[in-house]
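The structure appears right after this line, and notes come after that.
Bear in mind these aren't lab numbers, they're just calculated from the coordinates by the rules spelled out. Since this is a predicted model, take the numbers as computed values, not measurements. When we count neighbours, we look across all protein chains shown, and the Cβ atoms used for this are built from the backbone with ideal geometry, even at glycine.
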Amino acid sequence: MEENRSFDHMFGWYKGVNGLTGKEWNPVSTLDPTSPHVFVNKDAASVAPCDPNHGTWATTYKIFGKKSVSSNDFTNASMIGFVEFENNEGNAGTRYCQVMDTQTPERLPVLSTIASEFVLMDRFFAAHAGPTWPNRLFMLSATSAGLTDTGPWYRNQVGRLFPQKTIFEQLTDEGLTWRNYYNDTPWELFLGAIAHNPENLAPMDQFYTDARKGNLPSFSWINPRSGINITQMVGSNDQHPDHDMALGEQYYKDIYEALRASPQWNETLYVITYDEHGGFYDHVPTPLNVPPPGDGETSYPEKGVLFNRLGIRLPTLLVSPWIPKGVVVSAPPAAQKPKPNSEYDLTSIIATTRKLLGMKSGPLTERDKWCATFEQVISLDEPRTDCPLHLPDAPTPAREFAPEIEAAKPVNDLQSDIMSVHAHLAGVDFPHHIRQQGHVSEWMQKHYQRHAMHTLNWKASKQSSQYRLVLRPGGDSDWVDASWTVNAGRHVPFNTVSLRNLVGYCLDYGNPNVNPTAGTVVGVGLCYPSDDPDKNRDPAQQWIWGNDVTVRPAANATLCLTTSTLQGDETVRLEQCYGSVEQHWAYHGPAAGESNGGYVFFGDDTNALGVIKATSKEAW
């Protein structure tokens, strides 16, 4: 998935598609009947002079025009407001941010050859009429969880990752494999499914190795390079408007040729798409009256967005030896339409994935339940043997955009949002000192690795902790630690309970992905990412101290921390709350002169909660 390009901008002049004639235009003002017309042209630069606005509000404006928006008339997607919006933004001097400028097939030899050899879809839409993050979320989870802007946090709560189920969990649930390959850093770390599974994330070098050896997983999600590598002087290949189109062409070529040479070629479908239109013109009206996800989420930060219409048309290509040569796929056939008005949008990719992999998992939301699928293009009886081994050379990068020029560019909004997530996950301050793109990639790689290592260690502590939680008389010599700190959250309704001397460990009931049940053994695990309740993301480390002197897991407050020490059992478990003394606890707090730490006593004020070294047999 690349960045920010509409279908007309990339393929409007490709033969055989619903493309351009040269007569398409936008007025400078929809309010003025005599307004000048700005026509489409073939003069798009390899590197755009500015980044057209593609936010939710801007996209709505561009689809309907100011005249319709002013009267709240959203019944006619006239695609008439692109120039008007950029003119009102003060971008007349850049040909309205080049929104009517387009590429030609000759300038995109790699993509054009892929289209001529395989399938080009000319009626494939963004899932949301808006920017990057909502559409990437839709692609992976069939919802943006209400998000309308490229803001990296769930419901604008800094540090809170998006919790919805994704195609990745569905694959895992069915015993299938997945991997997120990245060029310099994973992009969608704001999704819990990605942030908490670094074992499934790998650099692009690993993709090429896996392709060569035939070790590609069932499903691969590939992130482009988000920032220039100033050591190797390798520029960003995400085709974001401020980056060179030629580098994206080389990227497609490299991936294709790796797949074509792979022993898994005859088992592979390679999908190329874009997250959204990037503010560039497209003449095909966006579909209206489509089902919202139906997940109960309200929109933010823009209020009142209903998610009941699609975004602007995107270039999307399908590559496989099981596909006929040179096919253009337009409207979906009836057999692939769950509803009479079903269309192809980004959620079609995960809906089709489930079909092609024979998955039993159903739709994630009402949107991927509604969308059309495209498995019908895998139509040949035998795989083709005439698929090219190599694609044409990519264009030479623009001389006016040499690596040192890209490196000196100011950090763009997308890079800033990715860095914001990395900073929080790594537990560091946002790098306000980074102002140029040349320093972005190295910083992100360093801090992603810091997050990945911490996450892997946290998960390992869940599997086989070297410590065991016990209840024993105070002062037991076997204790590694028995001094606890109860940490109160400022913005969350729960506490964490951490050890004072065994730094970095928290009271923990185990699997964070499953609500605890009666009988669950409680132990200690690495705090994730810290013992600060406002930053802690591990539900198994989040506790409520009840007014009835019970300690309850925030994920299931019907359970209470329980001991059977009166029957001689040192183990601490969660059991249904029943008001017994075996569920009564007291925190004595720090001793005189100390700032933190103190015993957590069982109700009899004799036995204290502590940690001992565990044997392999005892390990929790």
Partner lysines for Lys325 [C-alpha distance under 22 Å; skip if fewer than 8 residues away on the same chain]: Lys15, Lys253
Have a look at the DSSP beta bridges in the chain and tell me what percent are antiparallel, nearest 5. 75 percent
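Which percent, nearest 5, of DSSP beta bridges in segment 7-377 are antiparallel?
Numbers: 11 of 27 bridges.
Counting only bridges with both partners in segment 7-377, antiparallel ones make up about 40 percent.
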Which order, highest average first, do 547-556, 48-57 follow once you tally other Cβ atoms within 10 Å for each residue and take the mean per peptide? 48-57, 547-556
If I model a spin label as a point 7 Å beyond the Cα along the Cα-Cβ vector, how far apart are those points for Thr517 and Arg155 in nm? 2.8 nm
Sorted by chain and number, the residues with a modelled amide H under 5 Å from that of Ala45, at a separation of 5 or more or across chains, are none
Under 5 Å, built H, 5+ apart or other chain: amide partners of Leu201: Asn180
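What's the long-distance tail for segment 466-613, i.e. % of Cα pairs beyond 24 Å?
Details: 2431 of 10878 pairs.
Everything past 24 Å amounts to 22 percent.
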Mind listing the long-range amide H neighbours of Thr316? Cut-off is under 5 Å, sequence gap 5 or more, other chains count too, H placed in the peptide plane at 1.01 Å from N. Met121
Length added when fully stretched, Asp381-Ser218, from 0.36 nm per residue minus Cα-Cα: 56.5 nm
Separation in nanometres of the label points that stand 7 Å from Cα toward Cβ, at Glu199 and Lys325: 4.5 nm
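With runs of 4+ DSSP H residues as the only contributors, calculate the mean residue ellipticity of the chain at 222 nm using -39,500 (n - 2.57) per run, divided by the residue total and rounded to the nearest 500. Before the final figure, lay out the partial values.
Details: 15 runs with 141 residues, N = 620.
Rounded to the nearest 500, it is -6500 deg cm²/dmol.
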Need one number: nm distance between label points at Ala402 and Gln576, each 7 Å from Cα along Cα→Cβ, rounded to one decimal. 7.6 nm
Which angle from 0 to 90°, rounded to the nearest 10, does the C-alpha axis of helix 413-426 make with the longest principal axis of the chain? 20 degrees
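Net charge around Val284, counting only other residues with Cβ within less than 9 Å of its Cβ (Lys, Arg = +1; Asp, Glu = -1)? The partial results should precede the final answer.
Details: positive: Arg123, Arg313; negative: Asp8, Asp122, Asp282.
It works out to a net charge of -1.
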Residue-span extension gain [Lys15 to Thr209] - 0.36 nm each, minus C-alpha spacing: 66.2 nm
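Would you kindly state the longest site-free stretch of the chain, with sites defined as trypsin sites (Lys or Arg not before Pro) in a DSSP loop (not H, G, I, E, B) surrounded by at most 15 other Cβ atoms within 10 Å?
Numbers: sites that count: Lys15, Lys23, Lys42, Lys303, Lys325, Lys360, Arg384, Arg435, Arg490, Lys617.
With a cap of 15 other Cβ atoms within 10 Å, the longest stretch comes to 43-302.
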For the Asp173, His37 Cβ pair and Förster radius 41 Å, calculated FRET efficiency rounded to 0.05 is 0.15
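If I take every Cα pair under 8 Å that is 6 or more residues apart in segment 7-377, average their sequence separation and divide by the length, what percent do I get for the relative contact order? Before the final figure, lay out each step's value.
Values: 770 pairs, mean separation 84.5, N = 371.
Averaging sequence separation for qualifying contacts and normalising by length gives 23 percent for segment 7-377.
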Counting other beta carbons within 10 Å of each residue's own, what order do Leu288, Leu526, Leu147 fall into, fewest first? Leu288, Leu526, Leu147
On a 0 to 90° scale, report how tilted helix 440-463 is relative to the longest principal axis of the chain, with both axes built from alpha carbons and the result rounded to the nearest 10. 40 degrees
Could you let me know the centre-to-centre spacing of segment 1-66 and segment 570-612, using Cα atoms, in angstrom? 66 Å
Which angle between 0 and 90 degrees, to the nearest 10, do you get for helix 347-356 versus the longest principal axis of the chain when only C-alpha atoms count? 80 degrees
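Out of every Cα pair in segment 99-222, what percent are spaced more than 22 Å from each other? Intermediate results must be reported in sequence, preceding the final value.
Numbers: 3862 of 7626 pairs.
Tail of P(r) above 22 Å: 51 percent of Cα pairs.
Please work out the ratio of the alpha-carbon Rg of segment 7-377 to 2.2 N^0.38 Å and round it to two decimals. Working shown, then result.
Details: Rg = 19.9 Å, N = 371, 2.2 N^0.38 = 20.8 Å.
That ratio works out to 0.95.
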Take the eigenvalues of the Cα gyration tensor for segment 262-363, scale each by 5, and report the square roots as semi-axes in whole Å, largest first. 27, 18, 14
